[in-house]
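These notes concern the structure reproduced below.
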Amino acid sequence: MSAALVARGLTKTYGGVAAVDGLDLSVEPGTLYGFLGPNGAGKTTTIRIMLGLIHASAGEVEVLGEPVTPGKGVAALRRVGALVEEPAFWRYLSGRKNLEYFARAAGPADDRRARLGRLDEALDVVGLGEAADKKIKAYSQGMRQRLGIARALLGAPEVLLLDEPTNGLDPQGIAEMRALLRRLADGGTTVFVSSHLLAEVEVACDVVGVLARGRLVAEGPPSNLRPAGDRLRVTVDDPVRARKVLADVEGVIVAADPAPGDDAGDLPAAPLHLTLTRPARAAAVNATLVGAGLAVSELTPEHERLEDVFLDLVGDDHVPR
Amino acid sequence: MFRVELGKSFHRWRTWLLAVVLGAVPALIVVALVLNPPPPGAGGDFISLATRNGLFAPLAALAVVQPFLLPLTAGLLSGDAIAGEASAGTLRYLLVRPVRRSAFVLGKYAAIVVLLCSAVGIIVAVGLLAGGLTFGLGEVPTLSGSTLSLGEAFLRLLGAGLYAVAGVAGLAAVGLFISSLTESGPGATVATVAVAIIGQILGALSSLEFLHPYLLNTYWLAFFELFRSPVSFDLMGQGLTVFAAYAAIFLGLALTVMSRRDVLS
């Protein structure tokens, strides 16, 4: 089965500055893909190019196997649901009328009918059944966000492209959204969701792509985005001697004491922070310390949070040139 | 897209307000004539003629709205058409539906022309009703002195209405083009009305006579010709040619701008 979304060498420059810079991307069908990056990394530009709103400066995109060219009728987009930045509606119409008019605006007759037939279901999925007949003017930001999702779902899409879908939602709304996206992906929908918030992406996604300065700097399952090497917190009775002992062990780096002082010895409980790379392992570190006659009172693995990895990846030093 | 566009417009206050304002014009003319009748035998213009035959009331109203209120209507509808969707953000959601960009522009234009038809239709209908009830309908004297049967006169009134729509539809194409360039609906509306006003200023300057054949407003009131005997179609023919040229050129420009545009709004 071919990829649901493809970008090849995708580049978009504005006045000589690249917003998207040679982006290569491929999203398999049925994947919940988290498109992660700080504001200004090029996420929205990429999504807009995929939807045929923006002309690429170079490279190409394919949606469901069909090349996307702005201004041309891209039939594959009928099978795509989208939320692009804020959800926008005709303010003078009710939520239901808005969906109805968007459904009727284009496409073959059976496609329109199918959308109109799904209207109530889509409103129910996002929990807007009761507010559907209110004018958009009276909607809160969260309600507009939900209606935006309902509009995206109306065509029973094979691909969902969602740009920051949790904006304006409260924590419960975010949790519901995450569950909904997971459910859709489990049902076979390809869900491509951008975010600058890690917590959302880390939990739910199958694959995370990290975008920085218009380039993909990392991609993989969230768990694999963690750095190689474990961190270990070790508390011993004599940290000064422990440092000396560990300095000779291959693959162990002991973090410098944040505030080394003459009275370091008076604080036997101050833990040491180790970074282990192969061949060092936690058990071996423990054995070495104990073998040297030190009393080890704590030895705890420290997981580096995805957030730290993310910041490392998108930080200046890590952007490939 | 056309039907959605038309459907949407009936949910807007603006549409109904325009209808009321435009419908009020012929009613006001008739009321004014009743309160302050012109002296008998005064001039041969439509307004005075209306007291002799109600059928002239809609024509008088058309002549009154054509220089300003109809261009304003065209400006309001066309200026907001693309820019308004862009600033509201609904443009991007229509385009990813996906509505083809050409279908979007042409659907918008078709809806505007239909609304302009309705605008002129309201003016003519209210004029006929108010004028007919107040002054009666009968055989219609032409501006040349002969008379027309009522049926013939209705037909020519219809022709005058359609001609008025064609004239202002040319301006609406200009407005649609301006609207494709900006995200400010009110700005595009003002610019479109300004185009109409500048056209009329240029049309009033006799030293710029060489320009006059190319101005929309030179031909706007040519439907008067339908109430001469025999009817001369020269001016109206030229008018329709110029209207069509404006519509074709500026719709073409709007389509080009839209197809090349990066939709960032």
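Things worth noting here:
- The residue that is farthest from B:Pro141 (Cα to Cα), among those in segment B:219-239 that are of a type outside the set (A, V, I, L, M, F, W, C) and within 14 Å of the chain's Cα centre (by Cα), is B:Gly239.
- Taking the criterion of being touching a His at 6+ places or on another chain (Cβ under 8 Å) and either surrounded by 19 or more Cβ atoms within 10 Å (Cβ to Cβ) or in a helix (DSSP H, G or I) (or both), the residues of segment B:216-265 that qualify are B:Thr218, B:Arg260.
- A:Glu66 passes every criterion in (1) away from every other protein chain (no Cβ under 14 Å); (2) surrounded by fewer than 21 Cβ atoms within 10 Å (Cβ to Cβ) apart from (1).
- Filtered residue count, segment A:133-166, keeping only those that are among the β-branched types (Val, Ile, Thr), out of contact with any helix residue (DSSP H, G or I) (no Cβ under 6 Å at 6 or more places or on another chain) and outside any helix (DSSP H, G or I): 1
- Flag if A:Leu169 is free of Cβ contacts under 8 Å to residues at least 60 places away in the same chain and either under 27 Å from A:Ala3 (Cβ atoms) or part of a helix (DSSP H, G or I) (or both): no
- Qualifying residue in segment A:6-16 (condition: in contact (Cβ under 8 Å) with a residue 60 or more places away in the chain, buried (at least 24 other Cβ atoms within 10 Å of the Cβ) and either closer than 20 Å to A:Ser194 by Cβ or assigned by TED's automatic domain parsing to the domain that holds A:Arg182 (or both)): no
- Qualifying positions in segment A:70-84 - in contact with a Gly (Cβ under 6 Å, 6 or more places away or on another chain) and under 19 Å from B:Arg260 (Cα atoms): A:Pro70, A:Val74
- Test: A:Gly30 is part of a loop (DSSP other than H, G, I, E, B) and more than 9 Å from chain B (Cβ to nearest Cβ): yes
- Matching residues, segment A:83-111, being among the small types (Gly, Ala, Ser), within 8 Å of another protein chain (Cβ to nearest Cβ) and within 19 Å of A:Ala138 (Cβ to Cβ): A:Ala88
- From the options B:Phe56, B:Phe10, B:Phe2, B:Phe68, residue that is within 14 Å of chain A (Cβ to nearest Cβ) and either within 24 Å of B:Leu216 (Cβ to Cβ) or in contact (Cβ under 8 Å) with a residue 12 or more places away in the chain (or both): B:Phe2
- Members of segment B:71-91 found to be charged (D, E, K, R) and either closer than 15 Å to B:Leu128 by Cβ or free of Cβ contacts under 8 Å to residues at least 24 places away in the same chain (or both), listed by number: B:Glu85
- Of residues in segment A:175-197 being crowded, with 20+ Cβ neighbours inside 10 Å and within 8 Å of the chain's Cα centre (by Cα), the one modelled with the lowest pLDDT: A:Ser195
- Any chance B:Ala19 is touching a residue at least 60 places away in the same chain (Cβ under 8 Å) and crowded, with 19+ Cβ neighbours inside 10 Å: no
Conditions (1) more than 9 Å from chain B (Cβ to nearest Cβ); (2) in contact with a strand residue (DSSP E or B) (Cβ under 7 Å, 6 or more places away or on another chain); (3) within 20 Å of B:Ala103 (Cα to Cα), marked per residue:
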position	(1), (2), (3)
A:Pro70	no, no, yes
A:Leu77	no, yes, yes
A:Arg113	yes, no, yes
A:Leu116	yes, no, no
A:Asp120	yes, no, no
A:Tyr139	yes, no, no
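- The helices (runs of 4 or more DSSP H) found wholly in segment B:1-65 and carrying at least 1 residues that are of a type in the set (Asp, Glu) occupy B:2-9.
- Between B:Gly161, B:Gly203, B:Gly170, the distinction of being within 18 Å of B:Leu76 (Cβ to Cβ) and buried (at least 17 other Cβ atoms within 10 Å of the Cβ) belongs to B:Gly170 only.
- With respect to (1) out of contact with any His (no Cβ under 8 Å at 6 or more places or on another chain); (2) in a helix (DSSP H, G or I), the lone exception for B:Gly203 is condition (1).
The values are calculated or read from the model by the stated rules, or taken from the named source; none is laboratory data. Quantities reported herein were computed from a predicted structural model and do not represent experimental measurements. Ideal geometry is used to build each Cβ from the backbone, glycine not excepted, and the neighbour counts take in all protein chains shown.
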